[in-house]
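Beneath this line is the structure, given in structure tokens, with notes to follow.
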Amino acid sequence: MAGSAGRTAEFRRLHESGCFVMPNPWDVGSARALATMGFPALATTSAGFAWAIGRPDNTVGLDTTLDHLRTIVEAVELPVNADFQNGYAIEPGGVADNVLRAVETGVAGLSIEDFSGDPASPLLPLDLAVERVRAAKAAIDESGTGVVLTARTEGFVWDRPDIQETTRRLSAYAEAGADCLYAPWVTSVDHVSAIVAAVAPKPVNLIIHTPFTTVAEAARLGVRRISVGGMLAKTAWRGFLDAAREIAEQGTFSRFVDLPNLNALLEPR
């Protein structure tokens, strides 16, 4: 695939029909491993990356995130979507400036969420959130790259599981220019269907972070894109922690069997 322009064009094409899975690596090794498995695109995970550098989610700054985006983009030939959190700014102008910096890393898409940064009042006022989406879209248009803009609403993440408010916000973000819409942590097929209907014909991203559905069922519901957020990173951490705890607490090494040949997996092709 030829450069970032080719990756972005392919990423846009993927959103036009069908349903594709876009898993979330957290470092170069996981990105290259996923790239060998036939997935058509990858997405970064702010949580998975934060854990990999010894930090909780939502504590990694803009410059470190931009460096990470460049690293993942350069590691694979697939389109990469950036988990760009809340744009690392509140005011629309700051979001626009930061989106332009993200676009320069070569990502094919990026997401902007409406989290305020305050868990006690987690959602930004709707008018401000809409203006932030408009600003992000204008910045992408200014760049001339065609990067896919995903707008997220975080109510279900922060214990505000109001499907009416969720669809109201996503519909407003669609009208403001978002190319793809996304409500993380929805776990009801009825809610998924409501979101797909509310923003149609624009595509919807669904994160599957619990085994409440399958790729086939999500496709039947009209979902266009599936991601897994930090779940692959958590799965890897679980294996590591379980093995380490066994050593620390029991002095045994039973999990050191049937391990993957990582040298063969990651050998340049």
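I need the per residue convex hull volume for segment 1-136, using only the alpha carbons, in cubic angstrom as a whole number.
Dividing the Cα hull volume of segment 1-136 by its residues yields 114 Å³.
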* Estimated vicinal HN-Hα couplings, Hz - segment 173-184 in sequence order (Karplus 6.51, -1.76, 1.60; Gly, Pro = x) -> 5, 4, 5, 7, x, 4, 7, 9, 10, 7, 10, x
* Structure fact -> The answer for chymotrypsin sites (Phe, Trp or Tyr not before Pro) in segment 219-266 that fall in a DSSP coil and have at most 10 neighbouring Cβ atoms within 10 Å is Phe253, Phe256
* Asked: Which FRET efficiency, nearest 0.05, do Arg238 and Ala200 yield, Cβ-Cβ r, R0 25 Å?
  -> 0.10
* To do: State the Cα centre-to-centre distance between segment 28-42 and segment 113-129 in whole Å.
  => 33
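With contacts defined as alpha carbon pairs under 8 Å and 6 or more residues apart, what's the relative contact order of the chain in percent?
Numbers: 460 pairs, mean separation 50.6, N = 269.
Once normalised by length, the contact order is 19 percent.
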* Of Glu77, Glu165, Glu249, which has the largest mean-square fluctuation in a 10 Å C-alpha GNM of the chain? -> Glu249
* Estimated [θ] at 222 nm from DSSP helical runs (n ≥ 4, -39500 (n - 2.57)) normalised by residues in the chain, nearest 500 -> -14500 deg cm²/dmol
* How far is the Cα center of segment 238-252 from the Cα center of segment 62-85, in Å? -> 32
* Structure fact -> Longest principal axis of the chain (C-alpha) makes with the long axis of helix 92-103 (C-alpha) an angle, in degrees to the nearest 10, of 50
* Cα long-axis angle, helix 231-250 against the chain (0 to 90 degrees, to the nearest 10) -> 30
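Indicate, rounded to the nearest 5 percent, the antiparallel portion of the DSSP beta bridges found entirely in segment 3-230.
Given both bridge residues lie in segment 3-230, the antiparallel proportion sits at roughly 5 percent.
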* Residue-wise, which Karplus ³J(HN,Hα) couplings in Hz belong to segment 159-165, taking 6.51 cos²θ - 1.76 cosθ + 1.60, θ = phi - 60°, and x for glycine or proline? -> 6, 10, x, 9, 5, 5, 5
* Asked: Tell me, what ³J(HN,Hα) does each residue in segment 252-269 have, in order and in whole Hz, if you take phi through Karplus 6.51 cos²θ - 1.76 cosθ + 1.60 with θ = phi - 60° and put x for Gly and Pro?
  -> 10, 9, 5, 7, 8, 10, 6, 7, x, 8, 6, 4, 5, 4, 9, 5, x, 10
* Estimated FRET transfer efficiency (Glu91, Ser171; beta-carbon r; R0 22 Å; 0.05) -> 0.40
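Each reported figure results from applying straightforward, stated rules to the coordinates on display, with no laboratory input. This structure is a prediction, so every number in the text was calculated from the model and none was measured. Virtual Cβ from ideal backbone geometry, glycine too; neighbours counted across all protein chains shown.
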